[in-house]
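The values are calculated or read from the model by the stated rules, or taken from the named source; none is laboratory data. Remember, predicted model here, so these are calculated numbers, not experimental data. Cβ: placed from backbone, ideal geometry, glycine included. Neighbour counts: every protein chain shown.
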Amino acid sequence: MKTLFATTALTGVLMASSAAADPAFSFGLSFSFGGGQDMDYGVSARILSSDERNTGVAMAGVTYYFNEGNIGVDAGVGYNFEGDHNVGFTYDFLNGQPVLSLNYVQLAEEERSAPPVVC
């Protein structure tokens, strides 16, 4: 229960602080562990709170696990790197276990300033 409260509180704080950024959609590989169950892996789809590069994000989504053949619903935090990839650490509420994910996400292009005009 403490994990649920901590994850919910942290997700709320991150989402409130990144309200100005556009959300992003990601997909990737997830690895679940702990929770008294064997490690499992699957494919996931998530919504991220920001499409900015080099920034922390809140994330929520679903995962289909290959070994057990079940679906998980998770929420947590992640980090968008310079390239179009993200690493996330979430908690799966349906299966009661933590999840590590490696995701592809289409991040916003960096704004480039116009070259100076020389007269």
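Identify the residue in the range 59-97 that is of a type in the set (Val, Ile, Thr) and in contact with a helix residue (DSSP H, G or I) (Cβ under 9 Å, 6 or more places away or on another chain) and, among all such residues, is nearest to GLY34 (Cα to Cα).
Taking the range 59-97 as the starting set, the residues that turn out to be of a type in the set (Val, Ile, Thr) are 62-63, 71, 73, 77, 87, 90.
Okay, now just the ones that are also in contact with a helix residue (DSSP H, G or I) (Cβ under 9 Å, 6 or more places away or on another chain), so 77, 90.
Numbers: VAL77: 18, THR90: 12 Å.
Result: THR90.
The single condition from (1) more than 12 Å from SER101 (Cβ to Cβ); (2) at pLDDT 95 or above; (3) touching an Asp or Glu at 6+ places or on another chain (Cβ under 8 Å); (4) crowded, with 20+ Cβ neighbours inside 10 Å that ALA58 fails is (3). Could you go through the range 92-107 and let me know if any residue there is part of a loop (DSSP other than H, G, I, E, B), free of Cβ contacts under 8 Å to residues at least 40 places away in the same chain and farther than 24 Å from ALA21 by Cα. Yes, because at least one residue in the range 92-107 is part of a loop (DSSP other than H, G, I, E, B), free of Cβ contacts under 8 Å to residues at least 40 places away in the same chain and farther than 24 Å from ALA21 by Cα.
Each residue in the range 38-74 was checked for being in contact (Cβ under 8 Å) with a residue 40 or more places away in the chain, part of a loop (DSSP other than H, G, I, E, B) and either touching a Ser or Thr at 6+ places or on another chain (Cβ under 6 Å) or among the basic types (Lys, Arg) (or both), and 1 pass.
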